[in-house]
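Okay, so here's the structure we're looking at.
All of the numbers you see were taken from the coordinates with simple rules; none came from a lab. Note that this is a predicted model, so its numbers are computed, not measured. Here Cβ is always computed from backbone atoms with ideal geometry, including for glycine, and neighbour counts include all displayed protein chains.
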Amino acid sequence: MENMKLNNNLECPMLGLGTFMLSPEDAYTSTLEALKMGYSLIDTANAYVNERAVGRAIKDSGIDRKNIFLSTKIWASEYENENTVEETLERLGVDYVDLLYIHQPAGNWLAGYRMLEKAYREGKAKSIGISNFEGKYMEELETKWEIVPQFIQVEAHPYFTQKEMRVTLDKYGIKLMSWYPLGHGDTALMNELVFAGLGKKYGKTPAQVILRWHTQMGFVVIPGSKNAEHIKDNMDIFDFALTDEEMEQIAKLDKNERYYHRTDEQLVQFANWKPEFEK
């Protein structure tokens, strides 16, 4: 596994397991399987309503907590709940998380960010991040943060490489964690001839080639799966490297087009929706 150094000198694995859309049962099984296979980065969120399951899997794995990089996200309706960080840690069964995000620029997101900064100062979050902050939200946050975040989690894949956003990120040493890394299951992306050709050359699947592209772009990637074989295959990407020419070939696929389009109405809904946490 390859690691990257963050702007606060913490190290983070380049590849992890995402648990979005996984039921508590599947999140438990997938997390346990992944940790046994050698994964150390696990990503969850308040809104996924599987934090307790992820925490149980971490405990049951028997792996020393300090050897796991645990990432979660505070949901928008929780930004003004002063106990949110403690409640999140309690659900996960840990004293700290390695990475704590605010999930959406909805509701009183600045209060949410101040909560992250407080958790960072208190050692309850070893690094902090923002998820889905782009455009005007990122610009406003730049003028208001007291602690520069270590991460941003946004949609990124070969059709949408976040070229504009990366200019800002590079300025502050903020790292990008990709969601929809395989294009939200878009067969058009997976069937691009360049990936078939490179897969044949390196003995890899198109998905593995795309995941390797992410890591060579400097992105941390967190594909989710409840299939043990897929989890294993997703990790098997560090025994080859794409050449500069091959990276340039893939760069030509960038259409600057995303799959997910969030509306202002959705942000209002996000601020009002309260997750029904696992008991």
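Could you give me the percent of Cα pairs per 5 Å distance bin for region 40-93, shortest bin first, beginning at zero and ending with the bin that holds the maximum distance?
The distribution over region 40-93 is 4, 19, 32, 24, 12, 6, 2, given as percents.
For a quick protection proxy, order the peptides 134-147, 93-106, 36-49 by their average other-Cβ count within 10 Å, most packed first.
Packing order, densest peptide first, comes out as 93-106, 36-49, 134-147.
Please express the shape of region 177-266 as an equivalent ellipsoid: the semi-axes are the square roots of 5 times the eigenvalues of the C-alpha gyration tensor, given largest first in whole angstrom.
22, 17, 12
Of the listed pairs K66/K255; K175/K279; K118/K279, which have alpha-carbon separations greater than 32 Å here?
From the list (K66/K255; K175/K279; K118/K279), the Cα-Cα distance tops 32 Å for K66/K255; K175/K279.
Run the numbers on the chain and let me know its relative contact order in percent, using alpha-carbon pairs under 8 Å that are six or more apart.
The normalised contact order for the chain reaches 21 percent.
Can you list the residues, at least 5 places off or on another chain, whose amide H is less than 5 Å from the amide H of G224, using H built in the peptide plane?
Close amide H contacts, sequence-distant or interchain: G18.
At q = 0.08, 0.12 Å⁻¹, what base-10 log of I(q)/I(0) does the Debye formula yield for the chain when every alpha carbon is treated as an equal point scatterer in vacuo?
Summing over Cα pairs of the chain leads to -0.31, -0.72.
Expressed as a whole number of Å, what is the distance separating the alpha-carbon centroids of region 115-181 and region 215-279?
Distance between centres, Cα-based: 15 Å.
Which cross-chain or sequence-distant (5 or more) residues have an amide H under 5 Å from the amide H of E155, H modelled 1.01 Å from N in plane?
Excluding prolines and chain starts, which carry no amide H, the hits are W179.
Give or take rounding to whole Å, what are the principal axis extents of the alpha carbon atoms in region 122-279, in descending order?
Result, largest extent first: 47, 41, 35 Å.
Starting from the amide H of W75, placed 1.01 Å from N in the peptide plane, find each other amide H under 5 Å away whose residue is 5 or more places distant or on another chain.
It is N46, A47, by chain and number.
Using θ = phi - 60° and the Karplus relation 6.51 cos²θ - 1.76 cosθ + 1.60, list the HN-Hα couplings for region 16-25 in order, rounded to whole Hz, with x at every Gly or Pro.
With the stated coefficients, region 16-25 comes to x, 9, x, 10, 4, 6, 9, 5, x, 4 Hz.
Would you kindly derive the ³J(HN,Hα) couplings of region 96-113 from the backbone phi angles with the Karplus curve 6.51 cos²θ - 1.76 cosθ + 1.60 (θ = phi - 60°), listing them in order in whole Hz, with x for Gly and Pro?
Karplus-based 3J(HN,Hα) across region 96-113 equals 7, 10, 7, 8, 10, 10, 9, 7, 8, x, 10, x, 8, 5, 5, 4, x, 5 Hz.
With a cut-off of at most 15 other beta carbons within 10 Å, and DSSP calling the residue loop, which GluC sites (Glu not before Pro) in region 4-113 qualify? Please list them.
Within region 4-113, the qualifying GluC sites (Glu not before Pro) (loop, at most 15 other Cβ atoms within 10 Å) are E80, E82.
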